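Report on the structure given below.
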Amino acid sequence: MTSLLSIENLKVGRPMDGSFSTVLEDVSFSINKGEFVAVVGESGCGKSMTALSIMGLLPKIMNVHSGSIYYKGKDITKLSKKEINKIRGKEISMIFQEPMTSLNPSFTIGNQLAEVFKYHTNYSKSEIRQKSIEVLEQVEIPDAKEKLGVYPHELSGGMRQRVMIAMALACSPNMLIADEPTTALDVTIQAQILNLLVDLQKNLNMAVMMITHDMGVVAETCQRVIVMYAGQVIEAAPVKDLFKNPAHPYTKALLSSVPVLGQPDRVLNAIEGSVPGIDDMPNGCRFHPRCNMATNECLVNEPQLESHREGRWVRCWNKG
Ligand SMILES: Nc1ncnc2c1ncn2[C@@H]1O[C@H](COP(=O)(O)OP(=O)(O)OP(=O)(O)O)[C@@H](O)[C@H]1O
């Protein structure tokens with residue numbers, strides 16, 4: 001299968017007085033056309049920075065130090081602002097955790113959708129109105145025509161997230177990045193939004209990269225999983241293989257901290273310790289201080305991300 005997006009040895013961070021404080025180190029993975037991929041890991045592992053690197057939206061204090069992000073074969077880290085603006089929102093779109101922080105409270109839903117179309121298309125006013133209704137219907141918002149005239153605060157959290165998805169879909173992107181899209185929603189609404197994302201991915205043959213903490217969500221929605229730890233990819237595998245047979249001790253620990261329905265006696269293990277900060281990285285394997293399988297080699301030498309069985313990649317000296 002050909003990759004739609006391919007990240008190769010990406011290093012991102014913050015230049016400081018002649019030194020470089022790294023938040024992403026040697027990040028490599030790819031996403032195929034129409035594929036639903038989850039990026040998981042604890043808070044601070046670099047999931048959002050990876051997404052923002054793809055979007056060309058890193059915080060001003062950070063930059064791409066080295067490596068590449070190929071989109072349709074072109075390295076988008078080398079594009080000018082003008083060139084990346086043409087891709088962002090049109091070919092690759094992103095939705096965030098809390099729609100209220102992304103929607104402008106002073107403008108109607110119709111106004112905000114119109115802005116997206118005006119920026120990326122040459123549609124007339126009436127075409128924009130028609131397309132806006134169509135895209136709201138696509139995300140299953142009832143009474144789409146009437147909703148064009150309402151303000152974000154007049155909608156529920158779930159409806160606001162649907163509006164954000166509609167704005168992201170407006171120009172039929174090839175790829176949608178969803179950063180914790182359901183975290184701010186209650187459980188029943190979460191399930192509806194996830195089902196919607198899965199349906200859209202299938203019906204539109206759109207690639208989805210979903211960032212989440214929730215392994216339950218991963219099991220139900222995704223085809224492949226990228227596990228990140230301390231700014232690196234430590235495992236990548238098809239979802240069934242990962243759940244059945246996790247190879248990295250961190251992935252095993254993440255999975256053993258998730259409750260399973262019908263297994264009330266299962267012991268849940270919290271992962272002791274915390275993700276190291278960017279200026280506090282241990283030598284050797286970054287996970288070794290928290291790993292119950294660490295050997296002397298892990299303390300000294302940094303493992304590389306290596307192919308491990310078909311379709312799987314693992315960064316560990318003791319992969320199981
Ligand atoms: N604006 C920023 N300025 C400086 N450092 C930042 C900034 N945003 C994130 N970082 C640092 O970059 C690293 C990666 O953070 P990132 O937000 O990508 O993690 P994450 O895995 O997405 O976490 P979460 O699940 O909490 O969103 C962390 O060490 C974090 O402290």
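The values are calculated or read from the model by the stated rules, or taken from the named source; none is laboratory data. Just so you know, these numbers come straight off a predicted model, no measurement behind them. FYI the Cβ positions are ideal-geometry reconstructions off the backbone, even for glycines, and counts take in every protein chain you see. These accessible areas exclude ligands, DNA and RNA; they are computed on the full protein's heavy atoms, side chains included. Shrake-Rupley method; radii C 1.70, N 1.55, O 1.52, S 1.80 Å.
Structure notes:
- Look at (1) within 16 Å of the ligand (Cβ to nearest atom); (2) within 22 Å of V198 (Cα to Cα); (3) open to solvent by 10 Å² or more (accessible area, probe 1.4 Å); (4) at pLDDT below 95 and you find that M1 fails only one, number (1).
- Set side by side, the residues Y151, Y70, Y119 differ, and just one is open to solvent by 70 Å² or more (accessible area, probe 1.4 Å), in contact (Cβ under 8 Å) with a residue 12 or more places away in the chain and closer than 30 Å to D26 by Cβ, which is Y70.
- Region 111-162, residues that are at pLDDT below 95 and of a type in the set (V, I, T): V116, T121, V135, V139, I141
- Checking N104 against (1) modelled with pLDDT of 95 or more; (2) open to solvent by 40 Å² or more (accessible area, probe 1.4 Å), the condition it does not meet: (1)
- Counting the residues of region 4-50 that are open to solvent by 40 Å² or more (accessible area, probe 1.4 Å), outside any strand (DSSP E or B), away from the ligand (no atom under 16 Å from the Cβ) and not basic (K, R) gives 1.
- Total residues in region 164-188, condition part of a helix (DSSP H, G or I) and farther than 21 Å from Y123 by Cα: 2
- Checking N174 against (1) under 20 Å from A144 (Cβ atoms); (2) open to solvent by 20 Å² or more (accessible area, probe 1.4 Å), the condition it does not meet: (1)
- Against the conditions (1) away from the ligand (no atom under 16 Å from the Cβ); (2) touching a residue at least 24 places away in the same chain (Cβ under 8 Å), D75 satisfies every one except (2).
- Residues of region 122-132 classified as open to solvent by 70 Å² or more (accessible area, probe 1.4 Å) and farther than 12 Å from K147 by Cα, total: 7
- Exactly one residue out of T183, T188 is open to solvent by 40 Å² or more (accessible area, probe 1.4 Å), over 16 Å from the mean Cα position of the chain (by Cα) and either within 16 Å of the ligand (Cβ to nearest atom) or of a type in the set (S, T, Y) (or both), and it is T188.
- Taking first residues from region 295-320 that are assigned to a loop (DSSP other than H, G, I, E, B) and partners that are open to solvent by 30 Å² or more (accessible area, probe 1.4 Å) and of a type in the set (V, I, T), the Cβ contacts under 8 Å between residues at least 6 apart in sequence or on separate chains come to W317/T295; N318/T295.
- Residue ID - farthest from the ligand (Cβ to nearest atom), chosen from residues in region 57-70 that are under 18 Å from M175 (Cα atoms) and modelled with pLDDT of 95 or more: Y70
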